[in-house]
Structures are given as structure tokens and as C-alpha cells.
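Worksheet for the structure shown next.
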Amino acid sequence: MPRTRVAGGNPAGPSRVRRSLALVAPAWVSRPFALAIILIALAGFVLVCKGLYVHAKAMLGQHLLETSFARGIGAETAARPWPWADFTTEARLTARRLGRSEIVLSDAGGEALAFGPALLGGTARPGDEGTAVIAAHRDTHFRWLRDIRPGDLLDVALRDGGAATFVVREARIARADASGIDPDRPGRWIALATCWPFDAAERGPLRYIVEAELADETAATTEVAVIGSPGTPTNGIQPSVALR
């Protein structure tokens, strides 16, 4: 077996060759490895920055919606939360027992649903005769619908200064093309609609619909903690249902 010479011209045995290569190899082997680590770190940094940006954008958007609604109460014209918005702020929807409050936007189209619940065009205004339909995404602004119970009270404050309280009558699941919502239903109703199931990754044909009727003065001033609570009679209110 031929001998390998190293610097200085002296012959080197296999052990000396291995030691010499060990001094050189890390510089070559670690270079792609270090590059991979840098790329992974950069990708993680980009994802973190993107998440922070989305979160900051959502927080800023909600602040602008709140400000726009407060500024527009009693005004002759509806206010836009920012100059290029294709919607206006129309109402505030509050679920008393859950302590959840959302600004309702003017049209469930365009970019409105990315920022909050929105009124479905062609349906009644909340508190007027018929059914006002409000839609929102299941994984953000209407995720709390899963926790609504029959008998819960929903307060609606309108941009014109009016206010109304609705009592939840039923929650049900239906196909989007057979929702059972009647815009011309006798009485004064609101229907809150979102996609179902709540934890699904993709949009499907089913919708979760909560229907609430305008409450009388007695119901509107009742503490919601005792309405629809476990073990309490619901006075004929239909319970939530689920498809099997």
C-alpha cells in the first residue's frame, strides 16, 4: 500500500492521514449544515413576523371599528373605519352571558367579513319587522356562537342611537341552500349564521344558525345568569340541535 505524504514531505501512515483530514473536513462539512440552519432560522423569523403582523393588524382593525362606530352614533351618514373600506359600522352586538361584543358591519360582502360580523344585504335592520341576518366567520368573530344557549340575551345597539334586546329561541344546523331563514318572518328577529362544524379546516355546505326574537321589556331587564341555565325551565324554547 503506497504511503501518503503530508506537508514537509514526510510519509504519513493511515492514522496521521485521518488526523489531517479531521482538521480540514469540518470546514467543508459544516458549511451546508450552517446554511441550512440559517435558512430555517430565517423562515421561522419570517413566520413569527407574519404572525405578529396579522395579530397587530387585527388589533388595529378592531380599534378602528370601535372608534368608527362610536363616532358615527347619531350621525346622519354612516362612518367608514378607514378611507378605503367598502363597508360602514352599523351596530354593536353583545352576548350578555358570554361577555362578547362585536361591531356589526354594513354588508356581508367584499372585505367586511375579514374584520367582523356583517349584515346580509336585503334583510331587515335589527329591530325592524322581519329577520335581520348577521353572518361572520366561525373561527374568529362568531366562534362564540357554539357557547350560546336558548334563553341567552343578545343586545343590539344601532348607529342611529336605537337599541333592542333579543332572546335566543333556537340554534340549529342546516344546509346553506336550505337554511330555513325567512327574511319576511312575522315579528322582529335576528339570525346569526356561521359555517359548521366549528373546528373544520375547510368550508362546507352546513351552517350553524342562531335565531333570536325581540324580547319584551321584562325579559330585556332580566339577569341573564338565570335564563337558560342548566336545570332551569326554558318555557318552550327549542334546545340546540346537532346533525347525526
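The values are calculated or read from the model by the stated rules, or taken from the named source; none is laboratory data. Only a predicted model underlies this, so the values are computations on that prediction, with no experimental measurement involved. All Cβ positions, glycine included, derive from the backbone under ideal geometry; neighbour counts span all protein chains shown.
Under 8 Å between Cβ atoms, which residue pairs at least 6 apart in sequence (or on different chains) link something in the stretch 62-73 that is assigned to a helix (DSSP H, G or I) with a partner that is exposed (fewer than 15 other Cβ atoms within 10 Å of the Cβ)?
Leu64/Trp82
Only one of (1) modelled with pLDDT under 95; (2) surrounded by 13 or more Cβ atoms within 10 Å (Cβ to Cβ); (3) of a type outside the set (A, V, I, L, M, F, W, C) is not met by Thr218, so which one is it?
Of everything listed in (1) modelled with pLDDT under 95; (2) surrounded by 13 or more Cβ atoms within 10 Å (Cβ to Cβ); (3) of a type outside the set (A, V, I, L, M, F, W, C), Thr218 misses just condition (2).
Gly110 is checked against (1) on the phi > 0 side of the Ramachandran plot; (2) modelled with pLDDT of 80 or more; (3) surrounded by 10 or more Cβ atoms within 10 Å (Cβ to Cβ) and fails just one. What number does that condition carry?
Single failed check for Gly110: (2).
Can you find even one residue in the stretch 125-144 that is among the charged types (D, E, K, R), within 23 Å of Glu202 (Cα to Cα) and part of a loop (DSSP other than H, G, I, E, B)?
Narrowing the stretch 125-144 to residues among the charged types (D, E, K, R): 125, 128-129, 138-139, 143.
Of the ones still in play, those that are also within 23 Å of Glu202 (Cα to Cα) are 138-139, 143.
Now narrow it down to the ones that are part of a loop (DSSP other than H, G, I, E, B): 138-139.
Looking for residues that are among the charged types (D, E, K, R), within 23 Å of Glu202 (Cα to Cα) and part of a loop (DSSP other than H, G, I, E, B), one finds at least one in the stretch 125-144, hence yes.
Would a scan of the stretch 147-161 turn up a residue that is in a loop (DSSP other than H, G, I, E, B), free of Cβ contacts under 8 Å to residues at least 40 places away in the same chain and either of a type outside the set (S, T, N, Q) or in the same structural domain as Ser68 (by TED's automatic domain parsing) (or both)?
So far as the stretch 147-161 goes, no, none of its residues is in a loop (DSSP other than H, G, I, E, B), free of Cβ contacts under 8 Å to residues at least 40 places away in the same chain and either of a type outside the set (S, T, N, Q) or in the same structural domain as Ser68 (by TED's automatic domain parsing) (or both).
Filter the stretch 145-170 for residues that are over 15 Å from Glu102 (Cα atoms), charged (D, E, K, R) and buried (at least 18 other Cβ atoms within 10 Å of the Cβ) and give the result.
Arg149, Asp152
Yes/no per residue for (1) within 26 Å of Ile73 (Cβ to Cβ); (2) at pLDDT 95 or above; (3) out of contact with any His (no Cβ under 6 Å at 6 or more places or on another chain):
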{"residue": "Thr131", "(1), (2), (3)": "yes, yes, yes"}
{"residue": "Ala135", "(1), (2), (3)": "yes, yes, yes"}
{"residue": "Phe142", "(1), (2), (3)": "yes, yes, yes"}
{"residue": "Arg149", "(1), (2), (3)": "no, yes, yes"}
{"residue": "Leu154", "(1), (2), (3)": "yes, yes, yes"}
{"residue": "Asp160", "(1), (2), (3)": "yes, no, yes"}
{"residue": "Ala164", "(1), (2), (3)": "yes, yes, yes"}
{"residue": "Ala174", "(1), (2), (3)": "no, yes, yes"}
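Please pick out the residue among Ile173, Ile134 that is surrounded by fewer than 21 Cβ atoms within 10 Å (Cβ to Cβ) and either touching a residue at least 12 places away in the same chain (Cβ under 8 Å) or under 23 Å from the mean Cα position of the chain (by Cα) (or both).
Result of the check over Ile173, Ile134: Ile173.
Out of all the residues in the stretch 88-107, which are among the hydroxyl-bearing types (Ser, Thr, Tyr), in a strand (DSSP E or B) and buried (at least 20 other Cβ atoms within 10 Å of the Cβ)?
Once the filter is applied, which keeps residues that are among the hydroxyl-bearing types (Ser, Thr, Tyr), in a strand (DSSP E or B) and buried (at least 20 other Cβ atoms within 10 Å of the Cβ), the stretch 88-107 yields only Thr89.
As an exercise: evaluate Ala201 against (1) crowded, with 16+ Cβ neighbours inside 10 Å; (2) within 15 Å of the chain's Cα centre (by Cα); (3) not acidic (Asp, Glu) and give the number of the one condition it does not meet.
Tallying (1) crowded, with 16+ Cβ neighbours inside 10 Å; (2) within 15 Å of the chain's Cα centre (by Cα); (3) not acidic (Asp, Glu), Ala201 fails exactly one: (1).
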